[in-house]
Amino acid sequence: MKFAAFGRTQLLYNSILNAHNKGHKVVLIGTCQASPEYTVNENDFLKLAEQLNCPYFCDPSINQSRYIEMINESGAEVAISMNWLTLIGQEMLNQFKYGIINAHAGDLPRYRGNACPNWAILMGEEKIVITLHQMTTDLDAGAILLQRKFSLTSQTYIADVYKFLTDNIPQMYTEVLDGLENNSILPREQAKDPALSLRCFPRLPKDGEIDWHKSAEELTKLVRASSEPFAGAYSFLNTEKIIIWRAHWEILSYPYVGVPGQVIEIRKQSGEVAILTEQGVLILEEIETESQERVKAAAYIKSTRLRFGIDVNQEIIRLKQLIVQLQSELKK
């Protein structure tokens, strides 16, 4: 089957090659400027187009008439797309017999939008679902072609989910191209009831800040959903930022009183450190600081007289003292 490809990620790059190696022919590659964290960029896609002997363009304004003409000249019956930078319009969607296929890391129609795998971990879902669907001008609302699930457990980190995406999406694209070509895959319309979908909005690095007044179970989910390849869940200890890369939760076997954020146990043998929360304890396994690379938590935290979190009032007092000191020095 002749196909076009639009996007700017390593997964799209791998998907193009996999489909090519399985006998499908890419007849047009379109990309746009890569984000700094990407492992491939527009030059890589240009070289791939040259290697596969197909036309290429680099421009986020995909809906222009010249690109529609390129589609018509290419003879592409379908397009695959991942993380295109701008909205693809209806006229462009109409150019393909089988539409433009998007790979979405969410269980449609339930999870639509951004950061769906992260939200699924935070929401305590039992699975993540990759959905390949036909694009429409509405967000993640097109007919479903193929889905594959990945079970979530209390030990699943977001990096595990991304490995699942990496391992499966290129093969799924090829499976869909095969199925469309031999009529073994038919589009399945999504339910239209908006109450059946959950609109997921983007997450930012600051969303990883730990609120010790939440339960240890909730905070473990935050750690797992914020870990690499993201910026990590974090808190502060003596004003130094502590990134928590690995953690689990436990329930204390005895009655207790204490303030959330308190360090209550140093486990030298395992390298773990127990922190009190509103309900249960968060067991820190691996952490990183601004002054020290990733280590076992007990290699950095060595006292139970410490408490996580910034004392805002004390920081204000400290800053005022510094201002007074600087003003005094300026006068001299």
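The values are calculated or read from the model by the stated rules, or taken from the named source; none is laboratory data. Computed from a predicted structure; not experimentally measured. Every residue, glycine as well, gets a Cβ built from its backbone with ideal geometry; the counts of neighbours run over all protein chains shown. Ligands, DNA and RNA are stripped out before the accessible areas are found, and what is left, the full protein with its side chains, is counted by its heavy atoms. Shrake-Rupley method; radii C 1.70, N 1.55, O 1.52, S 1.80 Å.
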* To do: Scan ALA191, ALA225, ALA195 and give me the residue that is open to solvent by less than 90 Å² (accessible area, probe 1.4 Å), under 30 Å from ALA143 (Cα atoms), modelled with pLDDT under 95 and in a helix (DSSP H, G or I).
  => ALA195
* Structure fact -> Filtering segment 283-322 down to residues that are farther than 17 Å from ALA233 by Cβ, in contact with a strand residue (DSSP E or B) (Cβ under 9 Å, 6 or more places away or on another chain), open to solvent by less than 50 Å² (accessible area, probe 1.4 Å) and not aliphatic (A, V, I, L, M) yields SER303
* Residues being touching a residue at least 60 places away in the same chain (Cβ under 8 Å), open to solvent by less than 70 Å² (accessible area, probe 1.4 Å) and not β-branched (Val, Ile, Thr): count how many of those fall in segment 145-164. => 2
* Asked: Among the helices (runs of 4 or more DSSP H) contained in segment 71-183, which hold 2 or more residues that are of a type in the set (D, E, K, R)?
  -> 158-182
* To do: Name every residue in segment 174-188 that is in contact (Cβ under 8 Å) with a residue 40 or more places away in the chain and open to solvent by less than 90 Å² (accessible area, probe 1.4 Å), in order of residue number.
  => THR174, VAL176, LEU177, ASP178, LEU180, ILE185, PRO187
* Asked: Is it true that LYS241 is buried (at least 17 other Cβ atoms within 10 Å of the Cβ), basic (Lys, Arg), closer than 30 Å to GLU125 by Cβ and touching a residue at least 24 places away in the same chain (Cβ under 8 Å)?
  -> no
* **Filtered residues of segment 19-44 (kept if in a strand (DSSP E or B) and surrounded by 19 or more Cβ atoms within 10 Å (Cβ to Cβ))** => VAL26, VAL27, LEU28, ILE29, GLY30, THR31
* Asked: Can you name the number of the only condition in (1) free of Cβ contacts under 8 Å to residues at least 24 places away in the same chain; (2) in a loop (DSSP other than H, G, I, E, B) that LEU319 fails?
  -> (2)
* Structure fact -> Result of the Cβ filter at 9 Å on segment 67-78, keeping first residues that are more than 15 Å from GLN90 (Cα to Cα) and partners that are in a helix (DSSP H, G or I) and open to solvent by less than 10 Å² (accessible area, probe 1.4 Å), at least 6 apart or interchain, is GLU77/LEU180
